[in-house]
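**Student:** Provided herewith is a single structure, encoded as structure tokens, for subsequent inquiry.
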Amino acid sequence: TTLGEGFWEPTPPAFAPANVPGWGNNRTILPGSIHNTLPPAPVAFSIQPGSLFYTMAKEVYDVSQSLTETQKAIATFWDDAPNGKYVTVFGHWFSIFRQALETGHVGLMKAADTYLRLGVTMHDAAISCWKAKYTYHLIRPVTYIRKHMGFENWNAYITTPPHPEYSAAHATISSSAAYALESVFGPNYAFTDHTYDALGMTPRSFSNFDAAGKEAGLSRLYGGIHYRPSAEAGNAQGKKVGENVNQLLKTRN
């Protein structure tokens, strides 16, 4: 069932029911890690052309009509769908960390501390994100574009996951992971991500972890599954979770 106009409803092609709607109520690993991380309410819903919401959705449609090969590559590289082909967003960031370990000259205790920090941060960021998703229940681009913009056969470049729009999970989790890794490796650690070499994808290079986190969020706009403000809100949300974890998690290393 749906909550009414402007709220999330099952999306094509599978029209699956809402994914784990209670996840935002889970207990965090670290008490206090998601305190004050809920993003502000999204743009007010409207189907009026020229409104902020309509313009936000139109950007998704317009981008989809002129995707460059680079934008397609970014959307695919960060798809990370849990379908047995990709390694999921969590696995992708652990892969990035593993690659950093191979070249970063980090000692055993510091590496163990970072594994813990990265895992706790992403786990708790996901809870924060799902709390936002099922607080706001926002409609996905594919639903809006089909129902309210007249493009009844429009499809996103990648498949829309079965949960509400706001905030963007990839942006939230990736931003939190980037913060966790930068707290160890610093803000100027440049790297090339070879996570999907085995699938024939071209590796992607970044000036730092934050740049990778932001690209992960932006990839969802290119993929047609999120509005830009949802990725921006997720990016800020994930960073706040990362800051909380960094302040609260005390280890001996």
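**Student:** Below 8 Å between Cα atoms, with a sequence gap of 6+, how large is the relative contact order for region 165-253 in percent?
**Tutor:** About 45 percent, as a whole number.
**Student:** Angle, helix 108-136 long axis vs. longest principal axis of the chain, Cα atoms, 0 to 90°, nearest 10?
**Tutor:** That helix lies at roughly 20 degrees to the long axis.
**Student:** Can you tell which of ILE145, ALA44, ILE29 lies farthest toward the positive end of the dipole of the chain, using +1 and -1 charges on the Cβ of basic and acidic side chains (Lys, Arg; Asp, Glu)?
**Tutor:** Going by the Cα projections, it comes out as ILE29.
**Student:** How much length is gained on full extension from GLU59 to ASN36, taking 0.36 nm per residue of separation minus their Cα-Cα distance?
**Tutor:** That works out to 5.3 nm of additional length.
**Student:** Ignoring ligands, DNA and RNA, what percent of the 1.4 Å accessible area of the chain is carbon and sulfur?
**Tutor:** 55
**Student:** By how many degrees, between 0 and 90 and to the nearest 10, does the Cα long axis of helix 52-64 differ from the longest principal axis of the chain?
**Tutor:** The angle comes out near 80 degrees.
**Student:** In addition: Taking the Cα of SER51, stepping 7 Å toward and past its beta carbon, and measuring to each backbone N in region 114-141: which are under 19 Å?
**Tutor:** 136-141
**Student:** Further question on the same structure: Ignoring ligands and nucleic acids, what accessible area does LEU3 show with a 1.4 Å probe (Å², nearest 10)?
**Tutor:** We get 110 Å² for LEU3.
**Student:** How do PHE15, PHE191 rank by accessible surface area computed with a 1.4 Å probe, from largest to smallest?
**Tutor:** Reading off the accessible areas and sorting them downward yields PHE15, PHE191.
**Student:** Got the relative contact order for region 77-164 handy, in percent, Cα pairs under 8 Å and 6 or more residues apart? Walk me through the numbers on the way to the answer.
**Tutor:** Working: 32 pairs, mean separation 16.4, N = 88.
That works out to 19 percent.
**Student:** Here's a follow-up. Which value, in Å² and to the nearest 10, is the accessible area of ASP210 when all protein chains are kept and the probe is 1.4 Å?
**Tutor:** Result for ASP210: roughly 50 Å² accessible.
**Student:** Taking the chain as a Gaussian network, Cα atoms linked when under 10 Å apart, which of HIS170, HIS92, HIS148 shows the biggest mean-square fluctuation?
**Tutor:** Looking only at HIS170, HIS92, HIS148, the biggest GNM fluctuation is shown by HIS148.
**Student:** I would also like to ask the following. So how much accessible area does GLU182 have, in Å² to the nearest 10, using a 1.4 Å probe?
**Tutor:** 40
**Student:** Considering the chain as a Gaussian network with a 10 Å cut-off on Cα pairs, which listed residue, ALA168, ALA81, ALA57, attains the greatest mean-square fluctuation?
**Tutor:** ALA81
**Student:** State to the nearest 20 debye the size of the charge dipole of region 95-198 about its Cα centre, where the only charges are +1 on K and R beta carbons and -1 on D and E beta carbons.
**Tutor:** On the way: 8 positive and 8 negative charges, 77 e Å.
My answer is approximately 360 debye.
**Student:** Mind pulling the angle between the C-alpha long axis of helix 228-248 and the longest principal axis of the chain? Nearest 10 degrees, somewhere in 0 to 90.
**Tutor:** 30
**Student:** Here is a further query. Excluding same-chain pairs closer than 8 in sequence, count the lysine pairs in the chain whose Cα atoms lie under 19 Å apart.
**Tutor:** Eligible lysine pairs with Cα atoms under 19 Å apart amount to 13.
**Student:** Compute, for the chain, the length of the dipole vector about the Cα centre, with Cβ point charges of +1 (Lys, Arg) and -1 (Asp, Glu) only. Units Debye, rounded to 20.
**Tutor:** It comes to approximately 480 debye.
**Student:** Pick from LYS58, LYS239, LYS133 the residue whose mean-square fluctuation is largest in a GNM of the chain, springs joining Cα atoms under 10 Å.
**Tutor:** Between LYS58, LYS239, LYS133, it is LYS58 that shows the largest mean-square fluctuation.
**Student:** Per residue, how many Å² of accessible area does region 94-253 show with a 1.4 Å probe?
**Tutor:** With all protein chains present, region 94-253 gives 40 Å² per residue.
**Student:** Moving to a separate point now. Could you work out the helix-only [θ] at 222 nm for the chain, with each DSSP H run of four or more residues adding -39,500 (n - 2.57) and the total divided by the number of residues, to the nearest 500 deg cm²/dmol?
**Tutor:** Result for the chain: -17000 deg cm²/dmol, rounded to the nearest 500.
The values are calculated or read from the model by the stated rules, or taken from the named source; none is laboratory data. Because the structure is predicted, anything quoted here is derived from the model rather than measured. Note that we place each Cβ from the backbone using ideal geometry, even for glycine, and neighbour counts take in every protein chain shown. Side chains included, ligands, DNA and RNA excluded: accessible areas come from the protein's heavy atoms. Shrake-Rupley method; radii C 1.70, N 1.55, O 1.52, S 1.80 Å.
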